[in-house]
Each structure stands twice: as C-alpha cells, then as structure tokens.
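The values are calculated or read from the model by the stated rules, or taken from the named source; none is laboratory data. Computed from a predicted structure; not experimentally measured. Here the Cβ positions follow ideal geometry from the backbone for every residue, glycine too, while neighbour counts run over all protein chains shown. Keep in mind that these areas ignore ligands, DNA and RNA; they rest on the heavy atoms of the full protein, side chains included. Shrake-Rupley method; radii C 1.70, N 1.55, O 1.52, S 1.80 Å.
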Amino acid sequence: MATILGIESTCDETGAAVVDNGHDVRSNIVASQVELHAKYRGVVPEIASRAHIENILPVVRESLATAGVTMKQLDAIAVAHRPGLIGSLLIGVTAAKTLAWSLGKPLIGVDHVQAHLYSVMLQREDRPFFPAVGAVLSGGHTSLYEVRDWTNITRLGSTIDDAVGEAYDKVAAILGLGYPGGPIIDKLAAEGDPNAIKFPRTLLGRSSLDFSFSGLKTAVLYHVRGVPGKKQTPVELNDRNLRGIGASFQAACVDVIVKKIDRAARKIHAKSVIIGGGVSANRGLRTALSQFALPVHFPPMEYCTDNAAMSAGLAHVLLEAGQSSPLDLDAITYSAIR
C-alpha cells in the first residue's frame, strides 16, 4: 500500500490530499480563491500566485491532519507541475520538491490534464474499459483524448478558441450574472426552455474533433445586445429570458460536446468514455450522456474541479511503474499530452 501526498496549484485552487493505493482518498483539502477573482470575472495570475504562497503550508498541514498521517508515513510526494499558470505552478512545485528532498521521498510530477482524466478512479470500484475516449472540459481546457491506459494517452482534438468553461464565464458576464459562470448557468438551464433560442452548433466539418465556442458566445452577445449597425431593442434580462438564454446556450454546448465524443468513440472504436474537468459537474451534460451508447464515467462531484487527490491517485500508477521525477523538476505551462 502506497500513501501519497498530492499538491495542486496549477491555477487558482490551492490543494493538498492524501491518497492510498491510487483511489482511497483519506483527505482532500482545497483553499478556493473564487472570492478573490470574482470582481474581475476571471483569474488574475498575480493574485493567484500570492494566495498560493499564503495557503500552501496551511493546506498541506490540514491535509495530513485530516488523513491522520505524519510526513514520515508518506511514501511519495506528488505535484501537478504542468500545464497551468507559471507563477501558480512554481509555488506548488517548489513546496513539493522541498518536502521530497527533506523527507528523502520520491518526487512524482504529474500532468494536470492526465490527472483530470484519472479522477474517475477516485473512491470508485468500477473501472473504465480501454481504449476509452477521454474528454477534459473546464475553464482552461476542452480536449478529447484516446486513452489506451493511464500512462498512454494521445490527444485527438481540442478547442481552437475558447474553452467551454471560459465560454460559460463570458456568457455569464454578458448576462450580468456572477462568477464562475458554469454553476450559475447550469442552474438557470434546469429551469428554462432549451429550445427558446436557436443558437448555433459549430462542428468544424464532418470529421473534425476540434471545438469552437467563440461563435456561440458571440451569438449570445448579439441576441442580448443586438447586432452592431442594426437597430434592435436589447433583450430585457428578466428571470424568464435569463432562463431561456441559459438553457439554450447550455443545450448548444452540450450538443456539440456529445456529438464530438460520439465521433471520437467511433474513430478509435472506444469501449467507454471518461469525462474530467470542472464542466464534468454540469447536470445538463451528465443527463445528456446518461443515454450514450457506451459506459460513461464521471468523477465524483468533489473531484470535478481542480484538486490534489487526482494527482496523488495518478502518482500511484506512475510510482508502481517505476517512474519518478528529479529534484530539478520544472514547472511547465503546457501539457505533455500530444
């Protein structure tokens, strides 16, 4: 049995978790920065980095205390060292390297995107069948992958402009709603008519596995404020209209995602589907994929957004495979999955 401490600081969440055997989560502590960034309607890198500095040690201590383990009882230190905001990454990577060096424990650098896919393994008995289509859907990522096993992953397609979670945030800003936009619009969509407005579905060709949400975002903007150069009365953003816009926007996003996953599954002859990232918590997406032809695996809700448990879990797989990282491990802004 391997007990691994994971550290997360790729963006605006400071996380630490203790995980046994790659899936038994003994603690998962996250210090959120949502309130710090809310007034900017997006993550401000400098603010995120400073908050990580303040939060990292208290979060690690709380994680160990909650798990009931000491530093000496750990078998390895894991850290998400790529991709992410460079300033944020450096805080977590530096903390992890320091702990690994001082304790004489293996250091395991983990790809954050790969960890999001692995999050379906946490606190679960069922296992996805390989090959699988993996979809990482969040504010920073919207990509499809062929997953042959947890260490053999190839990218099939990705967004050419906005990530889907970013589109949710921008549409929420257009509608005068709060941040982050995903949970707010998801709630509106549950109460609205998805056929209220015919928003576009951008598929980029018959066989494309890439995504584009910029046109959909613009369509919402034009619907609400009017097309530039044309006389049009702005839409009143009352409760009924907000619900209709939210439901119609979400329906367009979900339709495109499901279509692309189906294309990818047919292309690689997939046996299952794996969904990871913050948008994996979206109820509309979960409902739509509940009718999918293949088994679809979602993470438990508490592991959808950025967390350290998924990195600690994946690190167990890497440790068993004899993989570890040098103490000069770099923080890197792009994913290793190509």
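Please determine, by comparing only the residues of the stretch 280-335 that are among the hydroxyl-bearing types (Ser, Thr, Tyr) and in contact with a Gly (Cβ under 6 Å, 6 or more places away or on another chain), which one is nearest to residue 6 (Cα to Cα). Steps first, please.
Within the stretch 280-335, the subset among the hydroxyl-bearing types (Ser, Thr, Tyr) is 280, 287, 290, 303, 305, 311, 324-325, 333-335.
Of the ones still in play, those that are also in contact with a Gly (Cβ under 6 Å, 6 or more places away or on another chain) are 305, 311, 325.
Details: 305: 15, 311: 6, 325: 14 Å.
Across the stretch 280-335, the extreme among qualifying residues is 311.
Have a look at 264, 251, 219 and point out the one that is in a helix (DSSP H, G or I), without any contact (Cβ under 8 Å) to a residue 60 or more places away in the chain and open to solvent by less than 60 Å² (accessible area, probe 1.4 Å). Spell out how you get there, then give the answer.
Values: 264 fails: without any contact (Cβ under 8 Å) to a residue 60 or more places away in the chain; 251 fails: without any contact (Cβ under 8 Å) to a residue 60 or more places away in the chain.
When all the criteria are applied, what remains is 219.
Give the stretch 267-305 a look and list any residue that's more than 15 Å from the chain's Cα centre (by Cα) and part of a strand (DSSP E or B), or say none.
Those that are more than 15 Å from the chain's Cα centre (by Cα) and part of a strand (DSSP E or B): 272, 273, 296.
Taking the stretch 246-303, which residues are at positive phi and small (Gly, Ala, Ser)?
Quick first cut of the stretch 246-303, residues at positive phi only: 269, 277.
Of everything in the stretch 246-303, just one residue is at positive phi and small (Gly, Ala, Ser), namely 277.
Condition check: among the hydrophobic types (A, V, I, L, M, F, W, C), under 18 Å from residue 255 (Cβ atoms) and open to solvent by less than 40 Å² (accessible area, probe 1.4 Å). Does residue 188 satisfy that? Please lay out each step first, then the result.
Values: among the hydrophobic types (A, V, I, L, M, F, W, C): yes; under 18 Å from residue 255 (Cβ atoms): yes; open to solvent by less than 40 Å² (accessible area, probe 1.4 Å): yes.
Taking the combined requirement at face value, the residue satisfies it.
Name the pairs: first residue in the stretch 193-204 and crowded, with 16+ Cβ neighbours inside 10 Å, second residue of a type in the set (Phe, Trp, Tyr), Cβ to Cβ under 7 Å, at least 6 apart or on different chains?
Every condition considered, the pairs that remain are 199/249.
If you take the residues in the stretch 280-302 that are open to solvent by 10 Å² or more (accessible area, probe 1.4 Å) and in contact with a Ser or Thr (Cβ under 6 Å, 6 or more places away or on another chain), which one is farthest from residue 15 (Cα to Cα)?
Per the stated criteria, the residue is 294.
Condition first: among the hydrophobic types (A, V, I, L, M, F, W, C), in contact with a strand residue (DSSP E or B) (Cβ under 8 Å, 6 or more places away or on another chain), open to solvent by 20 Å² or more (accessible area, probe 1.4 Å) and part of a loop (DSSP other than H, G, I, E, B). Now tell me which residues in the stretch 306-328 satisfy that.
Of everything in the stretch 306-328, just one residue is among the hydrophobic types (A, V, I, L, M, F, W, C), in contact with a strand residue (DSSP E or B) (Cβ under 8 Å, 6 or more places away or on another chain), open to solvent by 20 Å² or more (accessible area, probe 1.4 Å) and part of a loop (DSSP other than H, G, I, E, B), namely 327.
Search the stretch 177-202 for residues being assigned to a loop (DSSP other than H, G, I, E, B) and among the charged types (D, E, K, R), and hand back the single one that is farthest from residue 238 (Cα to Cα).
201
Among the residues in the stretch 49-59, are any crowded, with 24+ Cβ neighbours inside 10 Å, in contact (Cβ under 8 Å) with a residue 40 or more places away in the chain and in a loop (DSSP other than H, G, I, E, B)?
No: the stretch 49-59 contains no residue that is crowded, with 24+ Cβ neighbours inside 10 Å, in contact (Cβ under 8 Å) with a residue 40 or more places away in the chain and in a loop (DSSP other than H, G, I, E, B).
Would you pick out the residues in the stretch 1-13 that are touching a residue at least 60 places away in the same chain (Cβ under 8 Å) and either in a strand (DSSP E or B) or farther than 16 Å from residue 140 by Cα (or both)?
2, 3, 4, 5, 6, 7, 8, 13
Do you know which residues across the stretch 1-22 are aliphatic (A, V, I, L, M) and open to solvent by 10 Å² or more (accessible area, probe 1.4 Å)?
Selection gives 1, 2.
State which residue is nearest to residue 167 (Cα to Cα) when the search covers only the stretch 267-295 and only residues that are of a type outside the set (A, V, I, L, M) and free of Cβ contacts under 8 Å to residues at least 60 places away in the same chain.
Pass one, the stretch 267-295, residues of a type outside the set (A, V, I, L, M): 267, 269, 271-272, 276-278, 280, 282-284, 286-287, 290-292, 295.
With the extra rule that they be free of Cβ contacts under 8 Å to residues at least 60 places away in the same chain, the set shrinks to 286-287, 290-292.
Numbers: 286: 18, 287: 20, 290: 23, 291: 25, 292: 24 Å.
For the stretch 267-295, the residue satisfying everything is 286.
Yes/no matrix, rows are residues, columns are (1) within 14 Å of residue 284 (Cα to Cα); (2) touching a helix residue (DSSP H, G or I) at 6+ places or on another chain (Cβ under 6 Å):
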| residue | (1), (2) |
| --- | --- |
| 165 | yes, yes |
| 189 | yes, yes |
| 202 | no, yes |
| 209 | no, yes |
| 212 | no, no |
| 226 | no, no |
| 230 | no, no |
| 266 | no, no |
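Give the residues of the stretch 165-211 that are of a type in the set (Asp, Glu) and closer than 16 Å to residue 241 by Cβ, sorted by residue number.
Correct list: 191, 193.
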